[in-house]
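Enquirer: What follows is a structure written as structure tokens; I'll ask about it next.
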Amino acid sequence: MTKTGGNSATTYLSQKELAARWGISERTLQDWRYKGIGPEYIRAGYKLVRYSEDAVLRFEQKAG
């Protein structure tokens, strides 16, 4: 999913896509959100969660 605004485009990953990228379960990402850890995310509605690629990259660099 890509959102454009101005001169930049932001790519968003679904929970399923991020879990596959990191080789973890979707439930782990849900637990992290509940505990306030993991990358920043946005919620659109009750169930729809998206992670910006920028937030994911920042988290990956921080986690080392």
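The values are calculated or read from the model by the stated rules, or taken from the named source; none is laboratory data. In this text, all values refer to a predicted model and were calculated from it rather than measured experimentally. No Cβ is skipped: glycine too gets one built from the backbone with ideal geometry, and neighbour counts run over all protein chains shown.
Enquirer: Taking the criterion of being touching a residue at least 12 places away in the same chain (Cβ under 8 Å), farther than 19 Å from THR11 by Cβ and out of contact with any helix residue (DSSP H, G or I) (no Cβ under 8 Å at 6 or more places or on another chain), would at least one residue in the stretch 31-50 satisfy it?
Expert: So far as the stretch 31-50 goes, yes, one or more of its residues are touching a residue at least 12 places away in the same chain (Cβ under 8 Å), farther than 19 Å from THR11 by Cβ and out of contact with any helix residue (DSSP H, G or I) (no Cβ under 8 Å at 6 or more places or on another chain).
Enquirer: Ok, one more. Look at GLN61 and say whether it is at pLDDT 95 or above, surrounded by 13 or more Cβ atoms within 10 Å (Cβ to Cβ), assigned to a helix (DSSP H, G or I) and not basic (Lys, Arg).
Expert: When the stated conditions are applied, GLN61 does not pass them.
Enquirer: Right, here's the next one. Assess whether LEU48 counts as being closer than 23 Å to GLY64 by Cβ and not polar (S, T, N, Q).
Expert: Spelling it out, it is not the case that LEU48 is closer than 23 Å to GLY64 by Cβ and not polar (S, T, N, Q).
Enquirer: When the stretch 7-48 is examined, which residues are found to be of a type in the set (Lys, Arg), surrounded by fewer than 10 Cβ atoms within 10 Å (Cβ to Cβ) and farther than 20 Å from ALA63 by Cα?
Expert: Within the stretch 7-48, LYS47 is the sole residue that qualifies.
Enquirer: Are there strands (runs of 3 or more DSSP E) fully within the stretch 1-45 with at least 3 residues that are at pLDDT 95 or above and out of contact with any His (no Cβ under 6 Å at 6 or more places or on another chain)? List them.
Expert: 8-14
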